[in-house]
Amino acid sequence: MNAYPILMHTAVDATDVRGLAEFYRELLGLRYRPGDEPPADGTVDDEDWLVLVDDDGHRVLAFQQVPTLARPTWPAHDVPKQMHMDFRVPSTDELRRHRERAEELGATMLLDRTAEEGEPLYVLADPAGHPFCLLVAAG
């Protein structure tokens, strides 16, 4: 018996579930939970819930279809970010490499804080507008 609940995954709302799942699958090197893979014939599916897992099969992220979703306006608070994810990397070289990969996958730069000593980071928005951070940090 566990003394505390265990995080199963983080669920993210999206108006394009497959598109957002593909972004994070590519960015983080994850794979689909068995049964959630895109159709082999290339047709567009109408999934409303997809789960990404790591190499050990542990859930990491889930994506839930919603009909509408206001894009966060961070750093302004007109439409709050509501949540964000932080991803750590070991060096500033890796930080730059992963920022470039994220942008190639469709992310947008919101804040470049790489000149600050101690915790250089980028704040980016995924294709649906959810902010996330890439930062240099120890495990």
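Angle check, please: helix 92-104 long axis (alpha carbons) against the longest principal axis of the chain (alpha carbons), in degrees 0 to 90, nearest 10.
Long axis of 92-104 versus the principal axis of the chain: about 40 degrees.
List the residues whose amide H sits under 5 Å from the amide H of Phe87, counting only those 5 or more places along or on another chain, with H placed 1.01 Å from N in the peptide plane.
Those lying under 5 Å, H to H, from Phe87 are Cys133, Leu134, Leu135.
Could you give the angle, 0 to 90 degrees to the nearest 10, between helix 17-28's Cα long axis and the longest principal axis of the Cα atoms of the chain?
50 degrees
Return the percentage of antiparallel bridges among DSSP beta bridges fully within region 1-107, rounded to the nearest 5 %. Each step should come with its number before you reach the end.
On the way: 7 of 12 bridges.
So the antiparallel bridges in region 1-107 amount to around 60 percent.
Karplus couplings for region 131-138 from phi (6.51 cos²θ - 1.76 cosθ + 1.60, θ = phi - 60°), rounded to Hz, Gly and Pro as x?
Residue by residue, region 131-138 yields x, 8, 10, 10, 9, 8, 7, 6 Hz.
Could you give me the ³J(HN,Hα) list for region 9-15, computed from phi with Karplus coefficients 6.51, -1.76, 1.60 and θ = phi - 60°, whole Hz, x at Gly and Pro?
5, 9, 9, 10, 6, 7, 8
State the antiparallel share, in %, of DSSP beta bridges confined to region 10-65, rounding to the nearest 5. Don't skip to the answer; put the middle values down first.
Numbers: 7 of 12 bridges.
Counting DSSP beta bridges with both partners in region 10-65, the antiparallel share is about 60 percent.
What are the equivalent ellipsoid semi-axes of region 85-136, built from the alpha-carbon gyration tensor (square roots of five times its eigenvalues), in whole angstrom, biggest first?
Working: eigenvalues 60, 25, 15 Å².
Semi-axes from the Cα gyration tensor: 17, 11, 9 Å.
With just the Cα atoms defining each centre, how far is region 61-105 from region 20-34? Give it in Å.
Distance between centres, Cα-based: 14 Å.
Every read-out reported here was derived from the displayed coordinates using simple, explicitly stated rules and does not represent laboratory data. Because the structure is predicted, anything quoted here is derived from the model rather than measured.
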